[in-house]
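J.: Let me begin by handing over the structure; questions about it come next.
Derivation of every value follows stated rules applied to the coordinates shown; laboratory data play no part. Since the model is a prediction, treat every value here as computed from it, not as a measurement. Positions of Cβ are backbone-derived with ideal geometry, glycine not excepted, and every protein chain shown enters the neighbour counts.
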Amino acid sequence: MYIPWTVTQIGYNACARCDYLTDVYIPSYQPLRLTDAYGEEDENLYNNDAFYRIGEGDDGEGYATLHVPEGCVPAWNVYPWNEWFRFIVEDAEIPDDIKEIKNEELRMKNDSSWFDLSGRKLGNRPTQPGLYIQNGKKYLVK
């Protein structure tokens, strides 16, 4: 699971009991803030359990690994993070699952589909005003 750098806090039981979650990538240099069930910052860390019993799989061993940027394991190796994860490791490059596509590749596909700015594919040419993308180019519909 990849948690983007824009996430600054994690809520109560957000990923609790995700038995087959084995790796969590967080590109933040400091631990995320913890919130309670109502979204308020949780002063008592014992009540959050955001990653409670993750990665247990069938054997109940808990093999989840937290991947953080180089040089910040000491910041993350604190309660409750070191209780939730068996291993906290530094990664030189945390994957962001973003693949760069060159304009030539887009042209080669010759895909005449339309997309909104969120990347959602539209059924046909847009009729509502706004910005849209087709074949890697932006279009303004008035």
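J.: TYR25's amide H: which non-local residues (gap 5+, or another chain) put their own amide H closer than 5 Å, with H modeled 1.01 Å from N in plane and none for Pro or chain starts?
T.: Residues meeting the criterion, in which the H sits 1.01 Å from N, are TYR2, ILE3, HIS67.
J.: Near the amide H of TRP114, under 5 Å away, which other amide H atoms are found, from residues 5 or more places off or on another chain, if H is placed in the peptide plane?
T.: Residues meeting the criterion, in which the H sits 1.01 Å from N, are LEU122.
J.: So the label point goes 7 Å from the Cα of TYR52 along Cα→C-beta, right? Which residues of segment 1-45 then have their backbone N under 12 Å from it?
T.: Of the residues in segment 1-45, 12-18, 37 have backbone N under 12 Å from the label point off TYR52.
J.: Quick one: which residues, 5+ away or cross-chain, put their amide H under 5 Å from the amide H of LEU34? H built at 1.01 Å from N.
T.: Sorted by chain and number, the residues that satisfy this are ILE10, ASP42.
J.: What ranking do 22-28, 4-10, 48-54 get when scored by the average of other Cβ atoms within 10 Å per residue, highest first?
T.: 48-54, 22-28, 4-10
J.: Just to be sure I understand the model, the point goes 7 Å from the Cα along the line to the Cβ. What's the resulting LYS121 to TYR2 distance in nm?
T.: Taking the simple label geometry, LYS121 and TYR2 are separated by 2.0 nm.
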